[in-house]
Amino acid sequence: MRIRRHPQKKKGKEDTNRVPISTKSQDLLTERLDANVKFFTDLYKDSSDIVFRPFTIGNLKAVVIYLDGLSDIEKLDELVLETLMNKQDISQTDIIQSLIDSIPISNIKKISTYTECIDAVANGNPILLLDGAKEAYALGIVKYEKRSIEEPAAETGIRGPREGFTESISVNTSLIRRIIKDPQLKMKTFHVGKYTKTKVIVSYMEGLVDQTLIKEIENRLNRINIDGVLESGYIEQFIEDNPFSPFPQVLYTERPDVASANLLEGRALIIIDGTPYTLIAPVSFFSLFQSQEDYYERFWIGTFIRFFRFIFLGIALFLPSIYVAITTFHQEMLPMALLLSVASAREGIPFPAIIEVLIMELTFEALREAGIRLPKQIGSAVSIVGALVIGQAAVQAGIVSAPMVIVVSITGISSFLVPRYSIGLSIRLLRFPIIFFAGFLGIIGVILALIILVIHLSSLRSFGVPYLSPVSTLQKNGLKDTIFRSPLWKLDFRPHLTGEFNAVRQSDNLKPSPDKEEG
Amino acid sequence: MMIEKGRISTGQMELLIIPTIISTAILSISSIDARLAGHDMWMTPILGSSAGFLTVYIVWKLHELYPGQTPIGYSQKLIGKVAGSLFGLLLILFFSHNTGIIIREYTGFIKSNVLLQTPSIVISLSLLLVAALAVRGGLEVIARTAVICTFLFLSTSIVLLLLIPEVELGNVLPTFENGFIPVLKGAFIHQSWFSEFFILAFIFPFLNNTKKGLKSGFRAILVVMFILCYVNFFVLTTIGVVAGDLYYPVYAIVKSISLAEFFENFEILITASWVLGNFVKIAMFLYAASLALAELFRINDYRVMVLPLSLFIFFFSYWDISNVVELVNYMGQIQPFYLISVQTVIPLFLLLIALLKKKRSDNN
């Protein structure tokens, strides 16, 4: 297995003056409650959402510190404060342990450093400080407002589960655990981001995945040293193989079923807290053209739709440039009748075809972008303006020809056919250089652009896996599930990604047939 | 010394080598065939392929005797450092010259049929630079690119089937009108193309399954033979021996396709896909030349050789041949002797020396 390793950069000077802790001994909690509390009041000065609640148990002083809005206050009151404050008999020897044992909460963690206390508070676990104790106790009663599980917005489908990932990482992992019940499903936790300390989980099926892949993902994650991770895109852009490529080298999904399917095929997930998008690696070019419904519907349908997607990929990439090439260089290519109607439509258009295409394509891109960013109420106005003014008025005024409008609209629709938004963006971007190639060298330019594109895709790798595999590496079993979608009972082998792998997916001879004796 | 670190599969090798042979062959070989073999031109590729089988066998035997080495490496062991280096230099010059001629053919065809007003330099350089880009990526990248390019290139040959309504089988007769000699003459022309299978000597060491190399080389020859027969058959049965008067007979017959008055003008499609085939061919030759040059001068990275060599090849394409007439004469009269002597005869001598040496060392 060949994995290009990122060069280890020399680590910059650590920013140490965030928390007034520089040595390990200073980090330890002291036995004196007032010293501990003073540390926290200094640390959290000007933070109105931090709550300090001092109370006494008999004559033992205690303080609870928590973040308002992140912890379950009802439980804190009923289960912790009420239980502890009602204790009268505190003359035992092992007083602190017996007090903690009496709190009816399942998840109580003993912590002994300030850093751990800070992390616990930030994650919504109230900490309980007792006078005379060298340790604090993090109480696992986290509760905060979160979005409920909804239908995935960006990956809709007709058939299939309607649950989508949410912004909460524990919900997301539970959604996957609910599908894959085997203990071989592993989840390794990392924290990325100096200030956000975002929880990142690498998930994989042990035994199905290549361990070098997991190591490589861990290495690349550990290398990341940034202020914060706000979306999966932050992680994606730091772990790519070729950061200059216009193509996505990591897939993202908000569907637990897609994530689980990829786990079962020996890929790894990178689940990130705070975003419903989970990353999948490694990925190949052809997996960007697959949708979950290819597998849920009959295989004829799946195969047909996949063919369809590749045809429209070609249209989305090349139609405007082919139009430029034909109208500028190879008019003889069109059948006579079609040529006449195109020629008459183009008569009186003041621009050469390439300028015409660029005007229309740029306008279309602008309209599309405007439609996404604007508030919904204005969005409809934009589309009306676009359709009427750009479409009809421009043709009537003789600025652009009607065939041009048709070409641009077909191109636009084709680029929506790609099931993954990220590759759709790449296609949008690449269309423009190809138009220039066509403007310079006609159809030969288009072909040269195609070759350059294929060369680039051939040299691309995603975590060591060739981007164009399994087609251009000619793996027979892989071809069954790329351009075609063979029947599920024929997909006996997992896709071969890298190195040694666990090949057999299911027993063969699974083809359903009526019982022979009956027939 | 292993300069190339990538490994490719036998299937990828086949898809690399097929367009390397046929992409220039289909352009004008039918014209020469029609002139030399007349009504028997459909069978010339079958006889011509013998050179292919011979060349691949020679190269394979040499590869078995010296596994993991290119001709540059083992020629020095076989015939001494000086003579071996001279042979290596000859190979590099030969590859550069041959690639120059391929570029010339390509540019001449595109210039006279598709891009009438574009300067020839732009046409030659654009394809050459794209090929150089692929070669700089290494053998694996060339192979992966070739899989897709060859697939698209070969799939357009289906278009010829649309000519079935115009096929006149009578054109095939009479068989052996002037005896067997014309067929041999035509086959001799084909042999020069089939001898280009010699370039496999630069791929065999980099197969990930070295045992299947010979079989897959032979399979590639059969495919090439079949495609050339297929093309010659359609040329012969649609326009007959008149094809000898045309420079580009295949282009002419594709141009004549017209179905339902809408499915016509396939020549652009064919030309476009033919560019893909030519790209693979030029990339293959450029790769072999760069690898040989780097190995001869003991440079660890052949990538630095690619761009200077491309420029060199570009000059070759303008030095030697000045127009289409000369090109066709070259292909009919010089190329058969030239290509076969470098790519089949010299390797044959190398193999004989190698076998003699082996026998002597076995006796000792």
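When restricted to residues that are open to solvent by 10 Å² or more (accessible area, probe 1.4 Å) and away from chain B (no Cβ under 14 Å), the stretch A:425-437 contains 5. The residue that is most open to solvent (accessible area, probe 1.4 Å), among those in the stretch B:234-267 that are within 29 Å of residue B:36 (Cα to Cα) and within 11 Å of chain A (Cβ to nearest Cβ), is B:255. When you look at residue B:297, is it more than 11 Å from chain A (Cβ to nearest Cβ), open to solvent by less than 30 Å² (accessible area, probe 1.4 Å), within 30 Å of residue B:90 (Cβ to Cβ) and at pLDDT 85 or above, yes or no? In short, no. Search the stretch A:324-349 for residues that are away from chain B (no Cβ under 14 Å) and small (Gly, Ala, Ser) and pair each with any residue that is open to solvent by 30 Å² or more (accessible area, probe 1.4 Å) and not in a loop (DSSP other than H, G, I, E, B) when their beta-carbon atoms are under 7 Å apart and the residues are at least 6 apart or on different chains. Listed by first residue and then by second, the contacts come to A:345/A:402.
Which residues, taken from the stretch A:30-65, are open to solvent by 50 Å² or more (accessible area, probe 1.4 Å) and either part of a helix (DSSP H, G or I) or touching a residue at least 60 places away in the same chain (Cβ under 8 Å) (or both)? First the steps, then the outcome.
First pass over the stretch A:30-65, keeping only residues open to solvent by 50 Å² or more (accessible area, probe 1.4 Å): A:30-32, A:34, A:38, A:41-42, A:45-46, A:48-49, A:52-54, A:56, A:59, A:61.
If the condition is that a residue be open to solvent by 50 Å² or more (accessible area, probe 1.4 Å) and either part of a helix (DSSP H, G or I) or touching a residue at least 60 places away in the same chain (Cβ under 8 Å) (or both), then A:30, A:31, A:32, A:34, A:38, A:41, A:42, A:61 are the ones that fit.
Does residue A:361 satisfy the condition of being in contact with a Pro (Cβ under 7 Å, 6 or more places away or on another chain) and within 22 Å of residue A:327 (Cα to Cα)? It is true that residue A:361 is in contact with a Pro (Cβ under 7 Å, 6 or more places away or on another chain) and within 22 Å of residue A:327 (Cα to Cα). For the stretch A:66-81, indicate whether the set of residues that are within 16 Å of residue A:136 (Cα to Cα) and either without any contact (Cβ under 8 Å) to a residue 12 or more places away in the chain or surrounded by fewer than 12 Cβ atoms within 10 Å (Cβ to Cβ) (or both) is non-empty. No, that holds for no residue.
Among the residues of the stretch B:282-294, are any of a type outside the set (Gly, Ala, Ser) and closer than 29 Å to residue A:330 by Cα?
There is at least one residue in the stretch B:282-294 that is of a type outside the set (Gly, Ala, Ser) and closer than 29 Å to residue A:330 by Cα.
Figure legend. Inter-residue proximity from the stretch B:272-298: first residues under 23 Å from residue B:148 (Cβ atoms), second residues open to solvent by 10 Å² or more (accessible area, probe 1.4 Å) and not aliphatic (A, V, I, L, M), beta-carbon distance below 6 Å, spacing 6+ or different chains. Indicated pairs: B:273/B:153; B:273/B:156; B:276/B:153; B:277/B:153.
Restricting to the stretch A:261-276, and then to whatever is within 15 Å of residue A:481 (Cα to Cα) and outside any loop (DSSP other than H, G, I, E, B), can you tell me which residue is most open to solvent (accessible area, probe 1.4 Å)? Checking each candidate, the answer is A:264. Does residue A:245 satisfy being in contact with a strand residue (DSSP E or B) (Cβ under 8 Å, 6 or more places away or on another chain), among the hydroxyl-bearing types (Ser, Thr, Tyr) and open to solvent by less than 50 Å² (accessible area, probe 1.4 Å)? So residue A:245 fails the test. Only residues that are among the hydroxyl-bearing types (Ser, Thr, Tyr), in a helix (DSSP H, G or I) and open to solvent by 10 Å² or more (accessible area, probe 1.4 Å): list them for the stretch A:438-478, please. Correct list: A:459 only. Among residues of the stretch B:97-119 that are among the acidic types (Asp, Glu), those with a beta-carbon under 8 Å from a residue that is open to solvent by 10 Å² or more (accessible area, probe 1.4 Å) at least six positions away or on a different chain give the pairs B:105/B:27; B:105/B:327. Checked against the criteria, residue A:208 counts as in contact with a helix residue (DSSP H, G or I) (Cβ under 9 Å, 6 or more places away or on another chain) and modelled with pLDDT under 90.
Test residue B:200 against the stated conditions and say whether it is surrounded by fewer than 22 Cβ atoms within 10 Å (Cβ to Cβ) and in a helix (DSSP H, G or I).
Values: surrounded by fewer than 22 Cβ atoms within 10 Å (Cβ to Cβ): no; in a helix (DSSP H, G or I): yes.
Taking the combined requirement at face value, the residue does not satisfy it.
Of everything listed in (1) away from chain B (no Cβ under 14 Å); (2) closer than 22 Å to residue B:262 by Cβ; (3) open to solvent by less than 60 Å² (accessible area, probe 1.4 Å); (4) among the polar types (S, T, N, Q), the single unmet condition for residue A:290 is (2). The number of residues in the stretch B:135-172 that are open to solvent by 20 Å² or more (accessible area, probe 1.4 Å), within 10 Å of chain A (Cβ to nearest Cβ) and within 21 Å of the chain's Cα centre (by Cα) comes to 5.
Taking strands (runs of 3 or more DSSP E) that fall entirely within the stretch A:85-178, which contain at least 3 residues that are of a type in the set (D, E, K, R) and open to solvent by less than 20 Å² (accessible area, probe 1.4 Å)?
Working: elements: A:108-111, A:127-130, A:136-139.
The strands (runs of 3 or more DSSP E) meeting that bar number zero.
For residue B:275, the criteria (1) surrounded by 22 or more Cβ atoms within 10 Å (Cβ to Cβ); (2) away from chain A (no Cβ under 14 Å); (3) not aromatic (Phe, Trp, Tyr) hold in every case but one, which is (2). Being open to solvent by 20 Å² or more (accessible area, probe 1.4 Å), more than 20 Å from the chain's Cα centre (by Cα) and at positive phi is a property that holds for residue A:348. Screening A:410, A:384 for residues that are in a helix (DSSP H, G or I), under 18 Å from residue A:310 (Cα atoms) and over 27 Å from the mean Cα position of the chain (by Cα) leaves exactly one candidate, A:410.
Which members of the stretch B:137-187 meet the condition of being hydroxyl-bearing (Ser, Thr, Tyr) and under 18 Å from residue B:238 (Cβ atoms)?
First, pick out the residues of the stretch B:137-187 that are hydroxyl-bearing (Ser, Thr, Tyr): B:145, B:150, B:155-157, B:175.
B:156, B:157, listed by residue number.
Just one of the numbered conditions (1) within 14 Å of chain B (Cβ to nearest Cβ); (2) of a type outside the set (S, T, N, Q); (3) closer than 21 Å to residue A:210 by Cα is not true of residue A:481: (1). Selection of the stretch B:108-134 for residues being within 11 Å of chain A (Cβ to nearest Cβ) and among the hydroxyl-bearing types (Ser, Thr, Tyr) yields B:118, B:126.
Taking the conditions exactly as written (closer than 17 Å to residue B:201 by Cβ and either buried (at least 23 other Cβ atoms within 10 Å of the Cβ) or more than 14 Å from every other protein chain (Cβ to nearest Cβ) (or both)), does residue B:42 satisfy them or not? Lay out the reasoning, then the answer.
Details: closer than 17 Å to residue B:201 by Cβ: no; either buried (at least 23 other Cβ atoms within 10 Å of the Cβ) or more than 14 Å from every other protein chain (Cβ to nearest Cβ) (or both): yes.
When the stated conditions are applied, residue B:42 does not pass them.
The values are calculated or read from the model by the stated rules, or taken from the named source; none is laboratory data. The structure presented is a predicted model; accordingly, all values stated were derived computationally and were not measured. Cβ sites come from the backbone with ideal geometry, for glycine too, and all protein chains shown count toward neighbours. Surface accessibility is based on the protein's heavy atoms, side chains included, excluding ligands, DNA and RNA. Shrake-Rupley method; radii C 1.70, N 1.55, O 1.52, S 1.80 Å.
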